[in-house]
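Encoded as structure tokens, the structure appears first; notes follow it.
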Amino acid sequence: KNNNNDNNNKRKTPVRGTIFFVHGGAWGAGCPWMYRLIAPAFLSRGFAVAIVGYRTYPDAKCVVRDQVGDIKDAWNALRDELKFLITPIGDGDKEMGWVGNVVMGHSSGAHISLVMIVDMIGEMMASHSSQSNDNNGAAVEKLQGVNGGIDSTTNKDKGSKPASYPWHPDYYIGLSGPYDISHHYDYEAGRGVEQISPMKPICGFTRENFDKASPAKRLLAYLAQFPGHPTDDGNAVALQYLAPKILLTHGIEDGT
């Protein structure tokens, strides 16, 4: 039995992490092959790379949840497949050790991938809702290890845990993405394209639905479902453990 496990591990590719890349295309265009040149740079550095697609408008007709659902299905499918294909490199020096799972998206892909992460956080917080009356210490102990965790005594990042290889986002990188949909609608209106842009129907036509499709406001709506104010210490502690580290990049003249 152990020999079989050893043979299975030998067939797996050792990796430093995974890249889950969601393509852009203004919610109505684009496909994974257009972004295929992203993969070689990460492959050469020891990462497994998946460039995923989703239904674009008008094939995805029901607000943003169709597109988020598509990439969440891809995320779950990769969880099931990659365990047979890759094995994480253990802790080592910073140059060669395990990094973690990175979710990355460009433009509209940055938007829907961040909404996916917010929904994941909402689901995980709901699963821990029974802890809301615990002391923070007890809740923190149960949440440790979900994104590596943070040492509560030093506030230092403890890093990902390659041994257990949890399938969750450790990092999120957004490339030139719109994250406040109502604001972006005003930007599109200023260019005279708001009625022909797929963003309006994908994000629900109304300002109220635009807010629901905006990651930060969506997160606040999740937090409001739990006891106390969304910024109370308990929720802040939960977010500290459940949210990945986030990097948002954009052009110097990008105001959207």
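The values are calculated or read from the model by the stated rules, or taken from the named source; none is laboratory data. Predicted model only: the values in this text are computed from it and were never measured. Quick reminder, even Gly has a Cβ in these numbers, built from the backbone with ideal geometry, and neighbours come from all protein chains shown. The accessibility values were calculated without ligands, DNA or RNA, using every heavy atom of the protein model including side chains. Shrake-Rupley method; radii C 1.70, N 1.55, O 1.52, S 1.80 Å.
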Worksheet item: Inside region 75-84, can you point out the residues that are in contact (Cβ under 8 Å) with a residue 40 or more places away in the chain and within 22 Å of SER113 (Cβ to Cβ)?
Response: TRP75, LEU78, ARG79, LEU82, LYS83
Worksheet item: Is there a residue being at pLDDT below 85, touching a Gly at 6+ places or on another chain (Cβ under 9 Å) and not in a loop (DSSP other than H, G, I, E, B) anywhere in region 239-256?
Response: yes
Worksheet item: Being at pLDDT 95 or above and of a type in the set (Asp, Glu), is that true of even one residue in region 72-80?
Response: yes
Worksheet item: Which of the residues belonging to region 23-64 are out of contact with any Phe, Trp or Tyr (no Cβ under 9 Å at 6 or more places or on another chain), of a type in the set (Phe, Trp, Tyr) and open to solvent by 80 Å² or more (accessible area, probe 1.4 Å)?
Response: TRP33
Discussion item. For region 165-221, give me the residue count where each residue is touching a Phe, Trp or Tyr at 6+ places or on another chain (Cβ under 7 Å) and among the hydroxyl-bearing types (Ser, Thr, Tyr).
Written reply: 3
Worksheet entry | Meets criteria (aromatic (Phe, Trp, Tyr), touching a Lys or Arg at 6+ places or on another chain (Cβ under 8 Å) and either open to solvent by 50 Å² or more (accessible area, probe 1.4 Å) or in a helix (DSSP H, G or I) (or both)) for PHE84 | yes
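Conditions tested, residue by residue: (1) at pLDDT 95 or above; (2) among the acidic types (Asp, Glu); (3) more than 22 Å from ILE117 (Cα to Cα); (4) assigned to a loop (DSSP other than H, G, I, E, B).
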{"residue": "HIS168", "(1), (2), (3), (4)": "no, no, no, yes"}
{"residue": "GLY177", "(1), (2), (3), (4)": "yes, no, no, yes"}
{"residue": "GLU188", "(1), (2), (3), (4)": "yes, yes, yes, no"}
{"residue": "ASP211", "(1), (2), (3), (4)": "yes, yes, no, no"}
Discussion item. Give me the residue from region 198-209 that is crowded, with 20+ Cβ neighbours inside 10 Å and assigned to a helix (DSSP H, G or I) and, out of that set, farthest from the chain's Cα centre (by Cα).
Written reply: LYS200
Discussion item. With the structure loaded, tell me whether LEU143 is modelled with pLDDT of 50 or more and of a type outside the set (S, T, N, Q) or whether it fails that test.
Written reply: no
